[in-house]
Amino acid sequence: MEKNINFIVENNESNLRLDVFVNKREGLISRTRVKHLILKEKLKLNDIIVNSPSKKICAGDKIELQIPEPKEASLKPYDF
């Protein structure tokens, strides 16, 4: 199931990197996973798609993160 997460940046969180901020707020998502989601254009900053994990944020910024449904593993046993 796809999940959408919305954040509003607080005063004490400004000047953080996007990937660090999302990881700090949503601890279950690793910073690397956040980075990949940003590079796949799944994050909007103030309703604009951002593709740079190192973008700095400001107080009052609105962040929307779309987490797609995980793909099913396609591992199959090898026939010796």
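The values are calculated or read from the model by the stated rules, or taken from the named source; none is laboratory data. Computed from a prediction, not measured in an experiment: that's the story for all the values here. Heads up, the Cβs are rebuilt from the backbone with ideal geometry, glycines too, and the neighbour counts pull from every protein chain shown. Only protein heavy atoms, including side chains, enter the accessible area calculation; ligands, DNA and RNA are left aside. Shrake-Rupley method; radii C 1.70, N 1.55, O 1.52, S 1.80 Å.
Please give the calculated 222 nm ellipticity per residue for the chain, where each DSSP H segment of at least 4 residues contributes -39500 (n - 2.57) and the sum is spread over every residue; nearest 500 deg cm²/dmol?
-6000 deg cm²/dmol
With the full set of protein chains in place, find how many percent of the accessible area of the chain is carbon and sulfur; take the probe as 1.4 Å.
50
Would you check the accessible area of LYS40, probe 1.4 Å, heavy atoms only, in square angstrom rounded to 10?
Solvent-accessible area, nearest 10 Å²: 140 Å².
If you take all C-alpha pairs in the chain, what percent of them are over 15 Å apart?
Tail fraction, whole percent: 56.
For the chain, what relative contact order do you get, as a whole percent, if you take Cα pairs closer than 8 Å and at least 6 residues apart?
44
Please get the size of the charge dipole for the chain, origin at its Cα centre, with Cβ charges of +1 on Lys and Arg and -1 on Asp and Glu, quoted in debye to the nearest 20.
Computed charge dipole of the chain: roughly 260 debye.
Heavy atoms only, probe 1.4 angstrom, no DNA, RNA or ligands counted: give me ILE67, ILE48, ILE38 ranked by accessible area, highest first.
Most to least solvent-accessible, the answer reads ILE48, ILE67, ILE38.
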